[in-house]
């Protein structure tokens, strides 16, 4: 299992008139956290993986809103990868406010895809070599 924490400060543009984060922005928060998690556990960036011919699009996204995130709060986003990736990569998220209250939980499923054929494929071996140590 691999867990990684990312901090994000809520910007005014991400909120509605009540100062509450608009629900659609949680997908962006997940992506910010997932990108940092991906780099921390694999030593690779999305750009380097794409240069090797593999893309990683989203197949599924789930989000559950427990409490509102508010303008100017610093959120802690915990990304959790419980299973060794195969053709699919499953990432769970927990978002906490500054009072360390759990305010959102989510999940994404991504699929490793060959850049040229656009068909599912195995993760790159250099990615797997670095990730295996956590599982």
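Of the candidates 46, 71, 30, the single residue that is in contact with a strand residue (DSSP E or B) (Cβ under 6 Å, 6 or more places away or on another chain) and over 15 Å from residue 108 (Cα atoms) is 71.
Looking only at the range 101-126, residues that are touching a strand residue (DSSP E or B) at 6+ places or on another chain (Cβ under 8 Å) and under 21 Å from residue 33 (Cβ atoms) come to 12 in all.
Being under 17 Å from residue 2 (Cβ atoms) and either surrounded by 15 or more Cβ atoms within 10 Å (Cβ to Cβ) or at pLDDT below 95 (or both) is the filter here, so list the residues in the range 63-82 that pass it.
Residues satisfying the conditions are 76, 77, 78, 79, 80, 81.
Within this structure, residue 95 fails the test of being in a strand (DSSP E or B), closer than 18 Å to residue 132 by Cβ and touching a residue at least 60 places away in the same chain (Cβ under 8 Å).
For the range 19-62: of the residues being in a loop (DSSP other than H, G, I, E, B) and in contact (Cβ under 8 Å) with a residue 40 or more places away in the chain, which is surrounded by the fewest Cβ atoms within 10 Å (Cβ to Cβ)?
57
For the range 98-117, which residues satisfy the criterion of being over 30 Å from residue 23 (Cα atoms), out of contact with any helix residue (DSSP H, G or I) (no Cβ under 8 Å at 6 or more places or on another chain) and not in a strand (DSSP E or B)? Passing the criteria: 116, 117.
The values are calculated or read from the model by the stated rules, or taken from the named source; none is laboratory data. All of these numbers come straight from a predicted model, not from anything done at the bench. Here Cβ is always computed from backbone atoms with ideal geometry, including for glycine, and neighbour counts include all displayed protein chains.
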